[in-house]
Structure formats: C-alpha cells, structure tokens
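Notes follow the structure.
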Amino acid sequence: MKDHRAQDVRRRALQSMVDAMAACIAKGLIPPCLVLLYTAIDIVAWMNRPKGKEDPTGRDFQDWVSQYMLPETDLGCSPIDLWSARCALLHSFGRESRHTRKGEARQLNYYFASPEKAACLKAQLEQALVAEGITAVPVRTEDLVYAFVQAVERWESSIKEDPQKSQLVN
C-alpha cells in the first residue's frame, strides 16, 4: 500500500510541475517554464540516484537525461549541454556557464514556435548562429518539455521493473 501511495504522490507532484510548465508556455513565459523544467529534472535525477548516495551531482542529472530524456528525441543536444544550460539559467539566469566557457558544452538557444513554424524557425536560427560564429543548439521549448514528459513515463516504467529502484524511489 505504501508503494502505491508514494507513486501517487510522486505522480501528482510531477504532473503539477508539467501543468505549470504548460501554463507558462501558454502565456509565453519561457524562462519560468525552463526553471520549472530544470528543477523537475533535478528532482527526478535525485530520486533516481544510486542507493546510499545522499547528495545529487551534475553527473546524476546527466545520467538521467541520457538514460530517459534524450533517447527517441531529435533535440540535438547532449546531457552536458542540458546540464550546462540548467546551471546557466538557475545560477545566473543566462545562457553561459562554466561548461560553455571551457568549451565542454554548447549553449542552448531556446525558441518558441507553433509546430507548423518550428522547422523553418529552427533553420533560420541555425543559419544565424553559424553566421555569428556561435556554437549553440536551437531547441524548441515545447519539444524540451515534451521530451521530459516522455522521459518521466520511461522512468516510471523502469521503476516498476526494478524492485531495488522501486524501493529507493517509493
């Protein structure tokens, strides 16, 4: 019974984060949406950490993203790109982090577009970035949120299949 109650609480909490992201997108509030997104990834990465590990790290975030979020997407970014973007946004509300300055990661250039206009806008952004000599990845905010939603579903399935993970998370 405890496992089901914990699952329900976790699902409701994560769904409330996704609902808040959707509300932000509907109002064109992209930076707050991204803050919620990166916070939610931090939360699930912490829940997914190995048994006995109390403090999460950037590696935990990147591992979760690599295992659950980036497969089956065409976002075009890497786990270190997302970690760097998370650090830049949450620590300085910007796009540049220590990782981009060292050349370890590419900046993410977020854009907001309807599905019909997304491909054209992405191509325009890619051309502009190349012309400016900027190493960045255009990422549609809605696609990033959708990738997270799909990742949570994959992660929830993995919890059901792994008794040790289920015990840790629940």
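Annotation: Phe61 fulfils all but one of (1) within 20 Å of Ile41 (Cα to Cα); (2) without any contact (Cβ under 8 Å) to a residue 12 or more places away in the chain; (3) assigned to a helix (DSSP H, G or I); the unmet one is (2). Looking at region 80-103 only, could you name the residues that are modelled with pLDDT under 95 and acidic (Asp, Glu)? Scanning region 80-103 gives a single hit, Glu96. Among the residues of region 113-138, those identified as outside any helix (DSSP H, G or I) and either in contact with a strand residue (DSSP E or B) (Cβ under 6 Å, 6 or more places away or on another chain) or surrounded by 11 or more Cβ atoms within 10 Å (Cβ to Cβ) (or both) are Ala113, Ile134, Thr135, Ala136, Val137, Pro138. Contact map, region 22-51: first residue over 18 Å from His91 (Cβ atoms), second residue part of a loop (DSSP other than H, G, I, E, B) and at pLDDT 95 or above, Cβ cut-off under 6 Å, separation 6 or more or different chains; the map is empty.
The values are calculated or read from the model by the stated rules, or taken from the named source; none is laboratory data. Bear in mind that the values here come from a model prediction, so they are computed numbers and not experimental data. As a convention, Cβ positions derive from the backbone with ideal geometry for all residues, glycine included, and neighbour counts pool all protein chains shown.
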